[in-house]
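The values are calculated or read from the model by the stated rules, or taken from the named source; none is laboratory data. Note that the coordinates shown come from a computational prediction; the quantities given were computed from them, not determined experimentally. Here the Cβ is made from the backbone with ideal geometry for all residues, glycine too, and neighbour counts use every protein chain on show.
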């Protein structure tokens, strides 16, 4: 094998880091907590972004772009939001460097170029956007506003992990404005459903839709809806959030509109976002000790073809047949790569594409051409088969669908097997340590209990599932009465 | 008319600002020098970006993403580059805000959260990227690297204009690494040609390809190639640049590779970029006193259909026919909008879509449905015609092509009419004041003369055209010998 990675059993966390680096998705950078998204990782992000963008546009949204910087006075306007992000934001204080008189060739911050008002590098854009919406909204005729933005944001996290938690990350943030509470709540839920559909149908990632407890809410929201996924180590990962913001930002920025009765009202708001963190979820949900396993629908390369040359005279014959296959695959819209690079050996390439998680690998030698077959290997199951070249494009298309489905089923099975109920505190603790996963348990609804459980176990309430049925019970920790179960887990 | 804008004659600069705001392309923001790109402007940018992205990928490039921040020590490594940008960069010095003890609800920069090393918000990414390439390049086998990045950058400009010059702007920056000087120069010219092709074939913007004089070069480049366009007020606008960076960045960041002879060599570099500034060029090259004129190939909406209702019973009849037309147009891949909003009148809509520069407007009333015709108006010429609905999709497709060509021809004619030769200093000055445009004139090749001409007239050397023929002559200013003409103009 050309590249070895730590196994999941040995060290799950190291396995993840090794995989991100060795598959060529991303790299560390010279900037604390910031990553470089390498071409392979960015191609994956482009596929995810483009699909989400289509889904946003299909639900009536348009894109726009707002400034990177938030003046401090705007940043602090919505107090809860400001409080939530103040502790981790990058602040621009100066607008010029100048030559250091004491060190030739070096620069220092020019003390005379101090900004009158500091600028916060956006950790999220509610403040700058609602300050803008104020100018755009006068009457109910100006509503709804359904805007999304693709952007970079910065949160000065102390402990960072590639994709999962980086100081700068790429994301999209939807910011909508509505006439009524009902319409805003409907939008919040609609976008949660878009995220769930994207996660399940494109990323092959089963998710639980739910609502956060008050203490896990987005700073400034009235309600935070989320999708939660389960990783292979039994930890949960929040994969997307959709917030009902009530009138909090409208009040903070005084955004009122004349309603149909000609009365002034504050506007209702939502915001919703997913980020490059999703790539972390994707990796941890599906991959194995040999590398990535990518869902065909978003894989940058869906099929790779490796020629097995034997002597110079075999090359034109194999190349010709390979090109025929490529042409056929492309007519089916399949993203195919032909790796006839002669500086590396087939065995090296097999390991490399396994590492990169390419869903299907075709190998073709001279004997294969004669027999009109190729050797085909699925990345998800590693099954190998000799397949007729006649009709190969339909066969591959079908197999890609099957792989997509299989990856999803596998993840769903894993989640089902690792979602357990607990009714006793001892069981709860035991499960967390011995069989980590989601734990469905009763909770008395208080922030105090939630905090105590977190302190004792590091487990948090991931969500109150939207489909949870009312059930009388007793809180797993306090024993106080509870009306429904919630989902606990340790989480990323 | 619903919205009036200043005429070009009255005040060209005000016309431009009015147009950007009233057509809904962009808006001012609360952040000094930063703009909000509104949905209509962003849709235009998306079309431009997507086409450029296809052209980059077709020429073998891949996308990636590098950090927003450049640590000061990396920023200053390439001295000329650092010197060129130090005067206008936003600097992050702190990573936390805290509650102001003296003012409830207000925040201050936490003095204890001062960064050990300041971070520059990227004004361009050569430094952070070449510091990364150092880790990626060991041998000639790692070359070439052909990476592009779509990103936001910040340059703290003192005088800003919407799209043309903003503190933050969106752009793409290509950063390539090569084995040989020859290959790097070839890449530089290749990308210049991609830009020229994009400007001419998609933006309908005729451009001159040329090389910058030494004093107009990108800071850190050995040669800067550019495309220059002429605006309707006779001022030039640099629409894109492609830089041959020599080994400057490789030396600054010590990026060496083992060549085929197993010897260490410094890597050769290029970088190239275009930005949202192109939108400013687009507006100023084509538009008129009634609004934008957008080239069909990149217009967010290519055809707008306005129903002329007369009584309730006319609505279903007109809507049905309009939907039939829309369906036909869509099969031709035409981007069409149906504006049947009843809160505004047809006349208001006509003016609105003129302002927005929608290339074709169709109006359809009850009589039209009976006669199987629509009223069709071209935005570029304002010609109006009654056109049969049978075959309307092919007719519109043809007309959109004709409009694209006509806008280009018009701009080309304008540029040709406003490109003049001058052989005497008096003529040069007179032309600049009375017939502004490109002036082709001899120059002695010295930075000194260039600077004096700039001081005396505000005109700069826009470029030394790539297709300029050798011609003996005397410098327009110094009278010293010159071997070819260069292009002068006042510029944005």
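Can we say residue B:18 is away from chain A (no Cβ under 14 Å), over 20 Å from the mean Cα position of the chain (by Cα) and free of Cβ contacts under 8 Å to residues at least 24 places away in the same chain? Against the criterion (away from chain A (no Cβ under 14 Å), over 20 Å from the mean Cα position of the chain (by Cα) and free of Cβ contacts under 8 Å to residues at least 24 places away in the same chain), residue B:18 does not qualify.
Collect the residues in region A:36-45 that are in contact with a helix residue (DSSP H, G or I) (Cβ under 9 Å, 6 or more places away or on another chain) and in contact (Cβ under 8 Å) with a residue 24 or more places away in the chain, keeping them in residue-number order. Within region A:36-45, A:37, A:40, A:41, A:44, A:45 qualify.
For residue B:476, are the conditions met, namely being in contact with a helix residue (DSSP H, G or I) (Cβ under 8 Å, 6 or more places away or on another chain), surrounded by 18 or more Cβ atoms within 10 Å (Cβ to Cβ) and in a loop (DSSP other than H, G, I, E, B)? Before the answer, list the steps.
Details: in contact with a helix residue (DSSP H, G or I) (Cβ under 8 Å, 6 or more places away or on another chain): yes; surrounded by 18 or more Cβ atoms within 10 Å (Cβ to Cβ): yes; in a loop (DSSP other than H, G, I, E, B): yes.
Against the criterion (in contact with a helix residue (DSSP H, G or I) (Cβ under 8 Å, 6 or more places away or on another chain), surrounded by 18 or more Cβ atoms within 10 Å (Cβ to Cβ) and in a loop (DSSP other than H, G, I, E, B)), residue B:476 qualifies.
Note on region A:435-463: residues that are surrounded by fewer than 16 Cβ atoms within 10 Å (Cβ to Cβ), in contact (Cβ under 8 Å) with a residue 40 or more places away in the chain and farther than 21 Å from residue A:225 by Cα amount to 1. Considering region A:246-312, the qualifying strands (runs of 3 or more DSSP E), each wholly inside and each with 3 or more residues that are within 26 Å of the chain's Cα centre (by Cα) and modelled with pLDDT of 95 or more, run over A:268-275.
Would you mind stating whether residue B:375 is buried (at least 20 other Cβ atoms within 10 Å of the Cβ) and farther than 25 Å from residue B:17 by Cα?
Values: buried (at least 20 other Cβ atoms within 10 Å of the Cβ): no; farther than 25 Å from residue B:17 by Cα: yes.
Considered against the rule, which asks whether it is buried (at least 20 other Cβ atoms within 10 Å of the Cβ) and farther than 25 Å from residue B:17 by Cα, residue B:375 comes out as no.
Answer with yes or no whether residue A:187 is assigned to a helix (DSSP H, G or I), surrounded by fewer than 22 Cβ atoms within 10 Å (Cβ to Cβ) and touching a residue at least 40 places away in the same chain (Cβ under 8 Å). Criteria not met by residue A:187.
Would you be able to say whether some residue in region B:131-139 is surrounded by fewer than 20 Cβ atoms within 10 Å (Cβ to Cβ), farther than 25 Å from residue A:72 by Cβ and free of Cβ contacts under 8 Å to residues at least 12 places away in the same chain?
yes
Here residue A:193 clears all of (1) surrounded by 21 or more Cβ atoms within 10 Å (Cβ to Cβ); (2) within 18 Å of the chain's Cα centre (by Cα); (3) not in a loop (DSSP other than H, G, I, E, B) except the condition numbered (1). If the condition is being out of contact with any helix residue (DSSP H, G or I) (no Cβ under 7 Å at 6 or more places or on another chain), under 19 Å from residue B:154 (Cβ atoms) and surrounded by fewer than 22 Cβ atoms within 10 Å (Cβ to Cβ), then region B:11-32 contributes B:28, B:32.
Modelled with pLDDT under 95, in a helix (DSSP H, G or I), more than 7 Å from chain A (Cβ to nearest Cβ) and at negative phi: is that true of residue B:134 in this structure? Judged against the criteria, residue B:134 is not a match. State whether one or more residues within region A:154-174 are in contact with a helix residue (DSSP H, G or I) (Cβ under 9 Å, 6 or more places away or on another chain), within 9 Å of chain B (Cβ to nearest Cβ), touching a residue at least 60 places away in the same chain (Cβ under 8 Å) and assigned to a strand (DSSP E or B). Within region A:154-174 (the criterion being in contact with a helix residue (DSSP H, G or I) (Cβ under 9 Å, 6 or more places away or on another chain), within 9 Å of chain B (Cβ to nearest Cβ), touching a residue at least 60 places away in the same chain (Cβ under 8 Å) and assigned to a strand (DSSP E or B)), the answer is yes, since at least one residue qualifies. Within region A:125-147, being touching a helix residue (DSSP H, G or I) at 6+ places or on another chain (Cβ under 8 Å) and closer than 24 Å to residue A:88 by Cα holds for A:126, A:127, A:128, A:130, A:131.
Select the helices (runs of 4 or more DSSP H) contained entirely in region A:29-96, then report the ones holding at least 1 residues which are more than 22 Å from the chain's Cα centre (by Cα) and more than 7 Å from chain B (Cβ to nearest Cβ). Of the helices (runs of 4 or more DSSP H) lying wholly inside region A:29-96, those with at least 1 residues that are more than 22 Å from the chain's Cα centre (by Cα) and more than 7 Å from chain B (Cβ to nearest Cβ) span A:72-75, A:79-86.
Taken over region A:212-225, the criterion of being surrounded by 21 or more Cβ atoms within 10 Å (Cβ to Cβ) and in a strand (DSSP E or B) is satisfied by A:224, A:225.
Screening residue A:143 on (1) more than 10 Å from chain B (Cβ to nearest Cβ); (2) within 24 Å of residue B:100 (Cα to Cα) shows it passes everything except condition (2). If you go through region A:239-256 and keep only what is surrounded by 15 or more Cβ atoms within 10 Å (Cβ to Cβ), out of contact with any strand residue (DSSP E or B) (no Cβ under 6 Å at 6 or more places or on another chain) and closer than 13 Å to residue A:133 by Cα, you end up with A:252, A:253, A:255. Quick check: is even one residue across region B:331-338 part of a loop (DSSP other than H, G, I, E, B) and free of Cβ contacts under 8 Å to residues at least 12 places away in the same chain? Yes, region B:331-338 contains a residue that is part of a loop (DSSP other than H, G, I, E, B) and free of Cβ contacts under 8 Å to residues at least 12 places away in the same chain. Among the conditions (1) modelled with pLDDT under 95; (2) closer than 30 Å to residue A:40 by Cα; (3) facing another protein chain (nearest Cβ under 8 Å), the only one that residue B:105 does not satisfy is (2).
Reported count of residues in region A:97-124, each being touching a helix residue (DSSP H, G or I) at 6+ places or on another chain (Cβ under 8 Å) and part of a loop (DSSP other than H, G, I, E, B), is 4.
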